[in-house]
Amino acid sequence: MKEVLVVANRTLGGAKLLDAVRARAAEGDVRFRLVVPQSNPTAGLVIYDEAVRESAQVRVDLALSLVAGESINATGEVGDADPFLATMDAIAAHRPDEIIVSTHPALSSGWLRRDLIERIRNASGLPVEHIVVDLEQEGLPFEVTLVLASKTLEGENLLDRLKEKGGADGRRLFIVVVPQPDGTGDAPRQARARLATMLDRLHDAGLVASGMIGDPDPYTAAANALELFRVDDIVISTLPGERSGWLRANLIERVRHTTSAPVEHVVVDVPTATTASAA
């Protein structure tokens, strides 16, 4: 079986890259190995290391979910933050027959400024196809909704709203970010349990979704996610009124001032299961 290594990060999901993978798959008897190097955040923006790695894993999960529906044989992994090292590590581990590398256009690609394509060709001796994805001009062939929630993840109203947004065409992906509860050593485990439960519910509803835990401060968690992912809209779910620390901190308006993406606020009264939604 022919093995093709695909190396991509923020351009993962671009139409040209997907078309290249489909073309290889149509040849038959092909297996793909996806490697997503970890993203380096913009200078001056502090994002803890675990979030950087988890954002790369989210890309892996979503990409594999997309191609699984097309019966494409693919696996994936998170790679080193240096895309050259990530590629060479994958070559050593999986010994592919060829490589596809996807980047932004030359003017905006840090990978190309480091001569990544030629370095991989010279070091590996393998055929390397370079796919340029211009997200600013082309966009993505699907929409991405960022969901920020914690205690309200169990609310039926939130799930119902996401199912409405998901529709039946499968052209929307969901990235769920769960800020860690502050002040307890058990915080990461609590956040991961909530995230896992919500992702199971979304998958059971037939939605394509992945997620990660975020900074304890919900605004910072949202800002980090907006740095790491390209999103079309945002859903923030909170408890009602004064019961919500997020609302007391004016979270909704602060996030709206941070991004041009539409921000929808879904209120969930968890104890009574009485819910309401306000855009």
Inset, instruction - Residues that are among the polar types (S, T, N, Q): find the strands (runs of 3 or more DSSP E) completely inside segment 1-103 holding 1 or more of those. - result: 74-79, 98-103
Legend entry - Yes/no for Asp115 being of a type in the set (D, E, K, R), out of contact with any His (no Cβ under 8 Å at 6 or more places or on another chain), closer than 16 Å to Arg31 by Cα and outside the structural domain of Val231 (by TED's automatic domain parsing): no
Legend entry - Unique residue being touching a strand residue (DSSP E or B) at 6+ places or on another chain (Cβ under 7 Å), within 17 Å of Ser39 (Cβ to Cβ) and either assigned by TED's automatic domain parsing to the domain that holds Arg59 or not small (Gly, Ala, Ser) (or both) when the list is Leu126, Leu135, Leu146: Leu146
Inset, instruction - Being of a type outside the set (D, E, K, R) and part of a loop (DSSP other than H, G, I, E, B) narrows it down to one of Leu126, Leu158, Leu202, Leu112, so name that one. - result: Leu126
Inset, instruction - Return yes when Ile91 is crowded, with 16+ Cβ neighbours inside 10 Å and not assigned by TED's automatic domain parsing to the domain that holds Tyr219 and no when it is not. - result: yes
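Here is a yes/no grid of residues against (1) in contact (Cβ under 8 Å) with a residue 40 or more places away in the chain; (2) closer than 16 Å to Arg59 by Cα; (3) not assigned by TED's automatic domain parsing to the domain that holds Glu54:
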position	(1), (2), (3)
Arg171	no, yes, yes
Val177	yes, yes, yes
Gln190	no, no, yes
Asp217	no, no, yes
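The values are calculated or read from the model by the stated rules, or taken from the named source; none is laboratory data. As the structure is a computational prediction, the values presented were derived from the model and not from experiment. Don't worry about glycine lacking a Cβ; one is built from the backbone with ideal geometry, like all the others, and counts go over all protein chains shown.
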